[in-house]
Structure formats: structure tokens, C-alpha cells
Amino acid sequence: MEHSIASQLDSLNNLLARLGRGESYYRPVLDAVFRTGRGGSPAVASLQEFFAACPFTTKEDLLRDREEHPPFGSNLPEPIARYTRLCQTSGTATGQAMPVLDTPESWESMLGTWREVFRNAGLVAGRDRIFFAFGFGPFLGFWTAFEAAATDYLSLPGGGMDSRARLAQMAQLGATVLCSTPTYAARLGQLIGQAGYPGAHELAVKTLIVAGEPGGSVSAIRTRISSLWGGGRVFDHHGMTEVGPVSWEHPHSPGILCLDHQRFLCEVVDPQTGSEVEEGHEGELVLTTLARTASPLLRYRTRDRVRKLLIDGVLHLDRGILGRADDMVIVRGVNLYPSAVEEVIRSFPEVDEFRVVQREVKAMAELELEVETTDSSLAPEIEQALRNRFSLRIPVTAVAPGSLPCHEFKAKRWTRAEA
């Protein structure tokens, strides 16, 4: 579902008009950079004018605003009494969880994106049963996904259960769809058929909708998850608490993400210069919320590293979310992203779990890798594969299965150690 540029421009000018009234968070920006339209409201003649004139918004800006105007910040264009929902970021990037509020209308706009996710995944209303393998905490994605699903599908909450209970529930209730992180989909898949767990013949899951971390569009990770679930289809999606759900996998081209252009203005920019990158190049995804207007963001720097792809002139993301711009590690002059390292590791199906230990040696980053596998002779092969990919020697040690931490939400496989 694409949206015309004219419609996007109308939505943008409506948003700017809303933010130009009163003492909104963005009022100083609008007064400073935009010409005045009819009725004294800020307006732009084109999307290019908006991109050229409007400065970026960063997470640091939002955190600073919440410190200055606790606890929710000043980016609340509606009266506070109209806000009925609170979610918060995970805080994994900054160490600070950030609360975000929504009105019923802005919440409904996000459910609309999730309905597109389910529709493009090929789910059938009245037939599919979706199991949500999440501990339902304050993170936005769980709640919007569940509520959007409950409109058309039997929605099965999986909070407050361990992995054994979740698999048993999925078998007993006839779940046809699993919604989880890629890491946890793989973890559950490893348990199928083990002593005390349901076997593959007892499970009806045919589709796995994954989100919450990079990997759902990476071929090696997709293949691994699919094989663990007996050939089930892996369907990628991404979003974040600050802006809401953003994308869904192209229904006919696995590994490509479609952006919700009805609800967002989307850009891919060079992180250093802020200029739009050319097609085929990597950059940072920047989003302007057109529909979630009760907690709006103008040109928000998501820190998501993506590759720009145009299909019939419309922006898509090639290979999904490649990683986080602030996750990059420089090892002996080589830029390494966790998702790229994981792609190499996941090409070895014998590896169940892994951990990367990072330490500083003489002011330089060094990495060591631990892999869970029953085949200790695999370590040299993985080490060589990493050397072939990155021209680096990264020592690899095989450890006993079950000795590394398991992850349900966002996996934390990279750790720091003292030299």
C-alpha cells in the first residue's frame, strides 16, 4: 500500500498546522524555518522544501526535553487529559528508558500499520491463531501487535510463561502463527521435540512474524528459523516505540521491507552529512510521523542502518534493518556490525547460541567469540569464515550447549570484559 506524494504533502501540512498552534515542542522550529500558509499556519510547497528546511530530531533531544519537563516531556500537542496510553523504550541504546504517551487516535494509527503487517503476511481473518511469545511489559510493539490482531484473528497471549509452557499452549490451542523476536523464535524452535516439549507433529505454526532486533531479513538467520520450524515462513517487520510500527516484509520478495508511506515520510541519509544517499547505498533511516500526531516527530533519526532500494520510484529497504548505527565496533581498522558477524555465525547450523566478548587491549578493541555446539572441531571453521569475511582473526572457542544465556526479548550477545 503506497501513498501518493500529494497525499503525503497534505498530511504533512496538516501536521505542521497542528504543531504551529499553541506552545508545542516544535513551535520554535516551525516559527524559525517555515513560511506562513493560509490562516497563519506554517506550510511547505513540497516535501523537498520540508527536508531542506527542517532540522533533525534525535533521541538525545527527546531525552533532554523529558529531563527539562518531567516526566513526559513537552512534545504533547493535545491536552494531557486526552492521553490514555503509556509505553516506553527499552533503553538498550542509551541506558535510559523513555516514556511515550498516546491518545486513542494516535494509538489507532499504529494499529493500522500492524493490520498491514498481518495482511501482507498472508494471514486469513477468522482462520489464523496468533501466539504472542512476549512478556507483556511496557514496550509498545507487544501491545499494538496484540490489539491489531484481535480485530480479525484469535489472539493468544503468551506472557508470564516459560518456553515449555508456551510451546505446550501453542500445541494445545492450535496456533498457526508465532509472533516473537528472531532470537526467541530460534530458541523455541530448538526445543521442539526435546524431552517434555511438543513434537513438530503437534504444532500447526506455518508463519513466524519476527521483529524487535535485526535478523529477520538476513538469509542465514531466516533459513535457520524456518528449518527449526519445519519450513515455516519467516516474515520480517520493524518499528520502535518512538515512532511506532514502520514496515513489513514485501509479500513477494523476502528480505525487502516495505515502508508505511501513508503514515510516515521516509528518508535514508548519510549519518555524517545528513544528505539523502543514492539508491543502493547504506544510510540512516529518518522518519516523520504523519498519523501518530499526538506524539509527533519531525525528521527523527532512528539510528537504524539500512540500504536504500527504489521499486517503481518508491523507497524500500533492501535486506531490512542492517543494524544500529551506534552498534559499530572498529577492530584493527575494520568496521564491524553485530548483524554482519551474526550472519556469518548463523551460516553454521550446528551453532545453537553464541557470545562475543569485547575487550580493550592497548586502547584497541579486540573480540573473542564463544559458540555453543556439540562439535568442538567447528571452532576453526568459524574462525576461518570470519577471517574470510572481515580479514580479521577473531578467536573462536566452542562451549557446551546450554552454557550461554538464553534470550527472550532483544538478545544481548555482545559483552565487554576487562583486558
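With a requirement of 1 or more residues that are small (Gly, Ala, Ser), the helices (runs of 4 or more DSSP H) lying completely within the range 48-152 that satisfy it span 104-120, 140-149.
Which residue is surrounded by the fewest Cβ atoms within 10 Å (Cβ to Cβ), if the candidates are limited to the range 314-324 and must be under 19 Å from Arg263 (Cβ atoms) and at pLDDT 95 or above?
Pass one, the range 314-324, residues under 19 Å from Arg263 (Cβ atoms): 314-317, 320-321.
In the following step, the residues that additionally are at pLDDT 95 or above were identified as 314-317.
Working: Val314: 13, Leu315: 19, His316: 21, Leu317: 27.
So the residue we want is Val314.
Look through the range 230-279, keep the residues that are farther than 15 Å from Gly215 by Cα and hydroxyl-bearing (Ser, Thr, Tyr), and return whichever of them is surrounded by the most Cβ atoms within 10 Å (Cβ to Cβ). Walk me through it before giving the result.
Pass one, the range 230-279, residues farther than 15 Å from Gly215 by Cα: 230-232, 240-246, 250-253, 258-279.
After this cut, where a residue has to be hydroxyl-bearing (Ser, Thr, Tyr) as well, the list is 241, 253, 273, 275.
Numbers: Thr241: 19, Ser253: 13, Thr273: 9, Ser275: 11.
Looking at residues that are farther than 15 Å from Gly215 by Cα and hydroxyl-bearing (Ser, Thr, Tyr), I get Thr241.
Is it the case that Arg82 is of a type outside the set (A, V, I, L, M) and either within 28 Å of Pro271 (Cβ to Cβ) or at pLDDT below 90 (or both)? Against the criterion (of a type outside the set (A, V, I, L, M) and either within 28 Å of Pro271 (Cβ to Cβ) or at pLDDT below 90 (or both)), Arg82 does not qualify.
Listed conditions (1) touching an Asp or Glu at 6+ places or on another chain (Cβ under 7 Å); (2) farther than 30 Å from Leu19 by Cα; (3) loosely packed, with under 15 Cβ neighbours inside 10 Å are all met by Ser74, apart from (2).
Residues that are in contact (Cβ under 8 Å) with a residue 40 or more places away in the chain: list the strands (runs of 3 or more DSSP E) wholly contained in the range 334-387 that include at least 2 such residues. Steps first, answer last, please.
Details: elements: 334-336, 354-361, 364-372.
The qualifying strands (runs of 3 or more DSSP E) are 334-336, 354-361.
Among the residues of the range 4-23, which ones are of a type in the set (S, T, N, Q), part of a helix (DSSP H, G or I) and either under 21 Å from Leu315 (Cβ atoms) or modelled with pLDDT under 90 (or both)?
We begin by selecting, within the range 4-23, every residue of a type in the set (S, T, N, Q); these are 4, 7-8, 11, 13-14.
Remaining after also requiring part of a helix (DSSP H, G or I): 7-8, 11, 13-14.
Listed by number, the residues that qualify are Ser7, Gln8, Ser11, Asn13.
In this structure, is Val357 over 23 Å from His238 (Cα atoms) and surrounded by 15 or more Cβ atoms within 10 Å (Cβ to Cβ)?
Details: over 23 Å from His238 (Cα atoms): yes; surrounded by 15 or more Cβ atoms within 10 Å (Cβ to Cβ): yes.
Spelling it out, Val357 is indeed over 23 Å from His238 (Cα atoms) and surrounded by 15 or more Cβ atoms within 10 Å (Cβ to Cβ).
The set of residues in the range 31-47 being in a helix (DSSP H, G or I), among the β-branched types (Val, Ile, Thr) and at pLDDT 90 or above is empty. The set of residues in the range 168-200 being of a type in the set (S, T, N, Q), in a loop (DSSP other than H, G, I, E, B) and free of Cβ contacts under 8 Å to residues at least 12 places away in the same chain consists of Gln194 alone.
Just checking, which of Arg187, Arg222, Arg233 is at pLDDT 95 or above and closer than 27 Å to Ser347 by Cβ?
Values: Arg187 fails: at pLDDT 95 or above; Arg222 fails: at pLDDT 95 or above.
Selected residue: Arg233, the only one of Arg187, Arg222, Arg233 that is at pLDDT 95 or above and closer than 27 Å to Ser347 by Cβ.
If you go through the range 184-217 and pick out every residue that is buried (at least 24 other Cβ atoms within 10 Å of the Cβ) and among the β-branched types (Val, Ile, Thr), you end up with 3.
The values are calculated or read from the model by the stated rules, or taken from the named source; none is laboratory data. Please read these numbers as outputs of a predicted model, since none were measured by experiment. Every residue, glycine among them, receives a Cβ derived from its backbone with ideal geometry; neighbour counts consider all protein chains shown.
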